[in-house]
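The values are calculated or read from the model by the stated rules, or taken from the named source; none is laboratory data. Note that the coordinates shown come from a computational prediction; the quantities given were computed from them, not determined experimentally. A quick note on method: Cβ atoms are made from the backbone with ideal geometry, for glycine too, and the neighbour counts reach across all protein chains shown.
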Amino acid sequence: MKIRNPFLQLTTSEWILWGVSAAAVIISYFFGENNSLLNLIASLTGITSLIFVAKGDVFGQILTVVFSIMYSVISYKFRYYGEMITYLGMTAPVALMSVISWLRHPFESGKAEVKIEKLTRVKIIALVVLNMLITTLFYFILLFFNTPNLIFSTISVATSFAAAFLQFLRSPAYAVAYAANDIVLIILWTLASFENPSFISVVVCFAAFFANDIYGFINWRKMKKRQGEVMELNRQKS
């Protein structure tokens, strides 16, 4: 069995985006105070996962599972229980399901790129209803645990679930939801860094995530257009 090296598929612009993001995280880590090595490793893993998710490559989902576990540990240390429960109990399992879904739905046989799907009315309604139920449930769970910055933590749950669900559905809209989640997390960890400066590297991490998610949305739109053109061409030939 031939082992695929996903890094060989990165374009020059993607290497530049990854390099700038990684450099920002590393610099903030070494210039911060009492930084945890786990913060650095998790941040680099997360950035790398986003590059491959932006390409529609299932390798990105595998890295997302790894990142979710590490990020849950970081969140637990600061008592951001909403983040911990969200990523460990929702983002990681959904990413694992996405691995299966993406492997089962490649755009072309033998290729790493996932087939993009259109959001139907039924899927949108399911997303809205499930998001409302889960966000309400998590609000009371977070309230019970006396979670810091409760409102922002609750909003983070809502945006995280929407992003994970849309990613599972193979929709470009996932990147918009994750970009919104990135903004919430930048606020959350900025507040946390006032108490513990070591979390500044996490703030920089999610700022890099935001840039990568914007790229993901742009690239998935291009992928969707190209896939549509290829499918139309194949229909004309058949």
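Cβ-Cβ contacts under 7 Å between residues 6 or more apart (or on different chains), taken from a first residue in the range 136-157 that is surrounded by fewer than 19 Cβ atoms within 10 Å (Cβ to Cβ) to a second residue that is part of a loop (DSSP other than H, G, I, E, B), are listed as P148/R79; P148/Y80.
Residues are listed down the side, and each one gets a yes or a no for (1) surrounded by 20 or more Cβ atoms within 10 Å (Cβ to Cβ); (2) modelled with pLDDT of 85 or more:
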position	(1), (2)
T190	no, yes
S198	no, no
S201	yes, no
I214	no, yes
R221	no, yes
K224	no, yes
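Of the residues making up the range 189-198, at least one is of a type in the set (G, A, S) and touching a residue at least 60 places away in the same chain (Cβ under 8 Å).
For the range 162-177, the set of residues classified as crowded, with 24+ Cβ neighbours inside 10 Å and either touching a residue at least 40 places away in the same chain (Cβ under 8 Å) or hydroxyl-bearing (S, T, Y) (or both) consists of A164, Q167, A175, listed by residue number. Screening F30 on (1) within 24 Å of A163 (Cα to Cα); (2) of a type in the set (A, V, I, L, M, F, W, C); (3) more than 12 Å from the chain's Cα centre (by Cα) shows it passes everything except condition (1).
No other residue among A126, A164 is aliphatic (A, V, I, L, M) and within 26 Å of V66 (Cα to Cα) apart from A164.
When F145 is tested against (1) on the phi > 0 side of the Ramachandran plot; (2) in contact with a helix residue (DSSP H, G or I) (Cβ under 7 Å, 6 or more places away or on another chain), just one condition goes unmet, and that condition is (1). Evaluate the range 171-185: report whether one residue or more is touching a helix residue (DSSP H, G or I) at 6+ places or on another chain (Cβ under 6 Å) and outside any helix (DSSP H, G or I). Yes: the range 171-185 contains one or more residues that are touching a helix residue (DSSP H, G or I) at 6+ places or on another chain (Cβ under 6 Å) and outside any helix (DSSP H, G or I).
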